[in-house]
Amino acid sequence: MRIGFFDSGIGGLTVLSEALKRLPNHEYLYYADTLHAPYGPKPKEEVRDYVLRAINFLVEEGAEMIVIACNTATSIAVAELRQMYDIPIIGMEPAVKPAIECVSNKDQRVLVTATPLTLKEEKLKKLIATLDIHHQTDLLPLADLVRFAESDQFSDEVILPYLKQALHDYDIQTYGAVVLGCTHFPLFRDSFKKIFSSEVQLIDGSKGTISHLEKLMLKQNAQISETPSVTFYRSGVKLESEKEIEPFLNILNRLGVE
Ligand code: DGL
């Protein structure tokens, strides 16, 4: 089966890496809208146009299923996209449910990190209103992590001061779980681990999303491909040379994909 993955940049590779580990025998198309990243600080209407354009491109390239591996794009456009296309479109939302479930002590809090746009959207507000019956969640926008990832800045010297500053007004000791509600954030898992105690669960939605994809594929009786592959695109341009593809492969490698 041909499956389209979409993100504003390299963040969606944290989700694609799970797919490649669990469902390797398919043709993946990975679209990074790097020309317009980051989405998080941009107005909703602008992001909507980018997302619609990207998904249309993937459908024209023959995608039979789409994974929007971006929480921000999902919150802005998934409902509209599902009305536009007949193929299954899987979205992502910050993994608030498993985070609340894993905090057994109701005095502990859950920190939901995401882009400013995801945190502002109705979709997340509704999700939290439904799930957070003990009022345990706090929200924290971390827009610059996307910028850092896109410019290949992962060093502790850059990331730790940024996270400490962002958390300045939060009582770190009170958290039992942190939701990594943007697909770029798991790339900074090691830095988060240095800020929070080892008991704090760092939860992202990539495994759940790929379980969902797997179920849908079973239901649709998806055929494996004779020629499994990953094709990369940057804002509508197919990447052909090794040099262009290398940054994507390096990240996948770091995420444990051979
Ligand atoms: N990776 C994206 C997400 O999950 C968006 C990052 C951005 O472009 O701001 O929200």
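For L52 and D132, a Förster radius of 30 Å and the Cβ-Cβ distance give a FRET efficiency of 0.45, rounded to the nearest 0.05. The convex hull built on the alpha-carbon positions of segment 143-195 has an orientation-averaged projected area of 3.6 nm². Straight-distance candidates among the lysines for linking to K215, with alpha-carbon spacing under 20 Å and chain neighbours fewer than 8 residues away dropped: K21, K97, K207.
In plain terms, the chain from A79 to Q201 could stretch by 40.9 nm, reckoned as 0.36 nm per residue minus the Cα-Cα distance.
Neighbour counting of Cβ atoms within 10 Å sorts the residues V146, V257, V103, V158, fewest neighbours leading, into V158, V257, V103, V146. Based on the Stokes-Einstein relation at 20 °C and a viscosity of 1.002 mPa s, and on the Kirkwood radius from alpha carbon pairs, segment 185-234 is assigned a translational diffusion coefficient of 150 µm²/s. A simple count of charges around V158, restricted to other residues whose Cβ falls under 11 Å of its Cβ and scoring Lys, Arg +1 and Asp, Glu -1, yields -3.
3J(HN,Hα) along segment 60-75: 5, 7, x, 4, 9, 8, 10, 10, 7, 7, 8, 5, 5, 4, 4, 5 Hz, from the Karplus curve 6.51 cos²θ - 1.76 cosθ + 1.60 with θ = phi - 60°, whole Hz, x for Gly and Pro. Each principal axis of segment 60-179 carries a Cα extent, and these read 48, 38, 22 Å when sorted largest first.
Calculated [222 nm] ellipticity per residue, helices only, for the chain: -13500 deg cm²/dmol; basis is -39500 (n - 2.57) per DSSP H run with n ≥ 4, divided by all residues, nearest 500.
Report the far tail of the P(r) of segment 7-107, meaning the percent of Cα-Cα pairs longer than 18 Å. So the portion of pairs separated by more than 18 Å is 51 percent.
One equal scatterer on each Cα of segment 64-111, no solvent, Debye formula: the resulting log10 I(q)/I(0) at q = 0.14, 0.32 Å⁻¹ is -0.48, -1.14. Centre-to-centre separation between the Cα atoms of segment 71-144 and those of segment 227-244: 30 Å.
For segment 151-258, a Kirkwood hydrodynamic radius built from all Cα pairs, placed in the Stokes-Einstein relation at 25 °C and 0.890 mPa s, yields a translational diffusion coefficient of 143 µm²/s. When +1 charges are put on Lys and Arg Cβ atoms and -1 charges on Asp and Glu Cβ atoms, the dipole computed for segment 187-258 relative to its Cα centre reaches about 280 debye. Segment 110-182 has equivalent-ellipsoid semi-axes of 24, 16, 8 Å, by the square roots of 5 times the alpha carbon gyration tensor eigenvalues, sorted largest first.
Once the Cα-Cα distance is subtracted from the 0.36 nm per residue extended length, the K243 to Q223 segment shows a gain of 4.1 nm.
The fraction of Cα-Cα pairs per 10 angstrom bin, counted from 0 for segment 77-147, comes to 17, 43, 29, 10, 1 percent, rounded to whole percents. If only the Cβ of Lys and Arg carry +1 and only the Cβ of Asp and Glu carry -1, the dipole of the chain around its Cα centre is close to 540 debye.
Using only the C-alpha atoms, the convex hull of segment 1-64 corresponds to 75 Å³ per residue. The chain gives an Rg/Rh value of 0.95, both radii derived from C-alpha positions and Rh following Kirkwood.
Sites listed here are chymotrypsin sites (Phe, Trp or Tyr not before Pro) in segment 44-94 whose DSSP assignment is loop and whose Cβ has at most 16 other Cβ atoms within 10 Å: Y85.
Taken together, the values in this text are just the output of simple stated rules run on the coordinates, not laboratory data. Predicted model, so just to flag it, every value in this text is computed and none were measured. Note that each Cβ is placed from the backbone with ideal geometry, even for glycine, and that neighbours are counted across all protein chains shown.
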